[in-house]
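Everything below concerns the one structure shown next.
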Amino acid sequence: MEPARGFTPHMTPQSTTPPDTVHAAQMERRYRWQAATFDLTRRPLLLGRSGLAECVRGARAVLEVGCGTGQNLARLRAAAPEARIVGVECARSMARRARRRAVPRVEVMQADYGAAALPLGAFDRIVFSYSLSMIPHFADALRRASSDLVPGGSLVVLDFVAAPPPIAALLRLGGVELGGARWEWLAGHLAIQDSRERVAWGGLWRYRLVVAEKRGG
Ligand SMILES: C[S@@+](CC[C@H](N)C(=O)[O-])C[C@H]1O[C@@H](n2cnc3c(N)ncnc32)[C@H](O)[C@@H]1O
């Protein structure tokens, strides 16, 4: 079948697994013993994920960067039943779980997104759900995502925004980098379509869902 205009042909993600980067090895060390309990333990922490569905409705091709155990992939599949859906995850144990989840017609690739170009094709939505704050090379990842979007496509970013010092310190221990740099990058390079901020658990932290469109659509 001919790809639709703007959606370039791609290789099958499972067919190519690049060697682990330093970041991917760090993520694997972090999640190796947590992968089995991740879904249960993160439920009260990674708030707002049900809101991702409305952001991908009607999409033709959706990528989730840092898909973890693949919890969102089923959500994305349900919201965009006809779309090509791909998850990229750099920690081996998490990618394995995402694959085992067996969401119909979802492809999962194990790779460090932003470290190198990947043969993924093009997307009209790219989702970062609580992954952007864990990517030290976030500007490379966001540049890569912008170039993986078709013109008029959108990045959908859900993440922590701010927390009082003791909670911020705990998040940092968990590999989460707070601060405005990632949000500033989005506002400086893309057109913000929607931005919603919420308070978690009476003020323990704040999180934000942003939809940002690639200019020139
Ligand atoms: C907090 S988890 C969130 C998982 C999932 N997105 C969710 O909302 O349930 C962040 C995930 O991003 C992955 N990750 C971090 N940096 C990444 C990168 N550069 N490329 C791919 N995955 C990455 C981590 O290994 C981890 O599984």
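The values are calculated or read from the model by the stated rules, or taken from the named source; none is laboratory data. Given the structure is predicted, the values throughout are model-derived calculations rather than measurements. We place every Cβ from the backbone using ideal geometry, glycine too, and count neighbours over all the protein chains shown.
Couple of notes before you dig in:
- Count - residues of region 125-152 that are surrounded by 23 or more Cβ atoms within 10 Å (Cβ to Cβ) and away from the ligand (no atom under 13 Å from the Cβ): 2
- Residues (away from the ligand (no atom under 16 Å from the Cβ) and in a helix (DSSP H, G or I)) located in region 169-202: ALA169, TRP183, GLU184, LEU186, ALA187, GLY188, HIS189
- Filtered residue count, region 59-92, keeping only those that are in contact with an Asp or Glu (Cβ under 7 Å, 6 or more places away or on another chain), over 28 Å from ALA25 (Cα atoms) and not hydrophobic (A, V, I, L, M, F, W, C): 1
- Selection from region 17-57 of residues that are within 9 Å of the ligand (Cβ to nearest atom) and of a type in the set (Val, Ile, Thr): THR21
- Across region 175-203, the number of residues qualifying as loosely packed, with under 13 Cβ neighbours inside 10 Å and either among the small types (Gly, Ala, Ser) or more than 22 Å from LEU142 (Cβ to Cβ) (or both) comes to 8.
- Residue match in region 114-123 (condition: more than 13 Å from the ligand (Cβ to nearest atom), buried (at least 21 other Cβ atoms within 10 Å of the Cβ) and not basic (Lys, Arg)): yes
- For the residues ALA74, ALA98, ALA78, ALA53, the requirement of being in contact with a Gly (Cβ under 7 Å, 6 or more places away or on another chain), part of a helix (DSSP H, G or I) and either at pLDDT 95 or above or not acidic (Asp, Glu) (or both) singles out ALA98.
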